[in-house]
Amino acid sequence: VLSCGGIVTLILSGLGGMWLTQKAIEPIEASYFKLKQFTADASHELRGPLTAIKFSVDIIRNHPERIHPKDSKKLTAIASATSQMGQLIEDLLFLARTDKEVIVPTREKIEISLSVILQNLFILLEPVAQNKKISLKSQLTDNLIILGDKSKLSRLFSNLIHNAIQYTPEGGIVTIELSKQNRHAMVNVRDTGIGIAEDQLPNVFDRFWRADKARSRREGGTGLGLSIAKAIAVGHGGRINVTSKPNVGSCFQVRIPLINRSNTPGKY
Ligand code: ADP
């Protein structure tokens, strides 16, 4: 109650045109960090019991002869919900870490080829697209090298390509483009999908924001994929943007600095 009262007073004084002093901001900052710490702690605490549930379900499913046919579907539903909850907890913990520490410390960055990362993702995700009768295309400039964390970058682009496939109806096209622009690598993930309304575009990188909650949940989404993508892009000194038109398609653009070294192609 106290801190809520404090916030209200601050808002009112802000509206009155007064300066917010550091002392006045402190309680707001403290409750903001407490809230974030709560999310991190709660996610961490949920991990243990969830692992226990998953372990027990796996044991039961390993003996199909002992499962009553009536219970088989229920067990499959429990296993799927458990894995979805597991993904949600891992995503929350990942984001909680981004609040506390630099998400990609310099010591963990190595010279890597964005071209190779995207080529590998293309090979991995082409069958997923084909399964949905979507044509996955790529236009990749060779040998663009950045300093980065390979698994985090794969996660960033995999989130974008998965989304593009998920939010594009059958018969559509998803294109992955990699090019060099001045001292940066530019990656575009373009689709001919359902798009996002203009007034909703400022929200897309917010945690848990989903244009259609029911649809996203049904398809296994947590609403955290784009927040994670943004955290990883920023952790590499880059940025991410989106342009979109409903029923026409979307284009997610990631810009990451190239390695600062002259006379090597793909570097500057
Ligand atoms: P999730 O896909 O798990 O719901 P994301 O954070 O990856 O969560 O995306 C948030 C929301 O942004 C999605 O629920 C969807 O409404 C919208 N979105 C993301 N990518 C696209 C896309 N390529 N086309 C249309 N909408 C998208």
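How big is the chain by the Kirkwood estimate over distinct Cα pairs, in Å?
Computed over the chain, the radius equals 21.4 Å.
Find, to one decimal place in angstroms, the Kirkwood hydrodynamic radius of segment 122-268, where the mean of 1/r is taken over every pair of different Cα atoms and then inverted.
Evaluated over segment 122-268, this radius sits at 15.8 Å.
Give me the log10 of I(q) over I(0) for segment 55-192 at q = 0.11, 0.13, 0.22 Å⁻¹, as the Debye formula computes it from C-alpha points; what are the numbers?
Result of the Debye calculation: -0.60, -0.78, -1.23.
Quick check: pseudo-label points 7 Å beyond the Cα along Cα→Cβ at residue 29 and residue 46, how many nm apart are they?
Here the modelled spin labels are 2.9 nm apart.
If you take the square roots of the eigenvalues of the alpha-carbon gyration tensor of segment 22-89 and sort them as a ≥ b ≥ c, do you get rounded (a/c under 1.5), prolate (a/b over b/c) or oblate?
Prolate, because a/c is 1.5 or more and a/b exceeds b/c.
Counting only helical runs of four or more DSSP H residues, what would the 222 nm mean residue ellipticity of the chain come to if each run contributes -39,500 (n - 2.57) and the total is spread over all its residues?
-17500 deg cm²/dmol
Which of rounded, prolate or oblate describes segment 91-149 when judged by the alpha-carbon gyration tensor and an a/c cut-off of 1.5?
oblate
Provide the FRET efficiency to the nearest 0.05 for the residue 131-residue 73 pair, computing r from the beta carbons and using R0 = 22 Å.
0.45
Using θ = phi - 60° and the Karplus curve 6.51 cos²θ - 1.76 cosθ + 1.60, what whole-Hz ³J(HN,Hα) does each residue of segment 136-144 get, with Gly and Pro shown as x?
Ordered by residue, 3J(HN,Hα) equals 9, 10, 9, 9, 10, 6, 6, 6, 8 Hz.
The numbers here are math on the coordinates, done by the rules we state, and not lab data. Since this is a predicted model, take the numbers as computed values, not measurements. Positions of Cβ are generated from backbone atoms using ideal geometry, with glycine treated the same way; all protein chains shown enter the neighbour counts.
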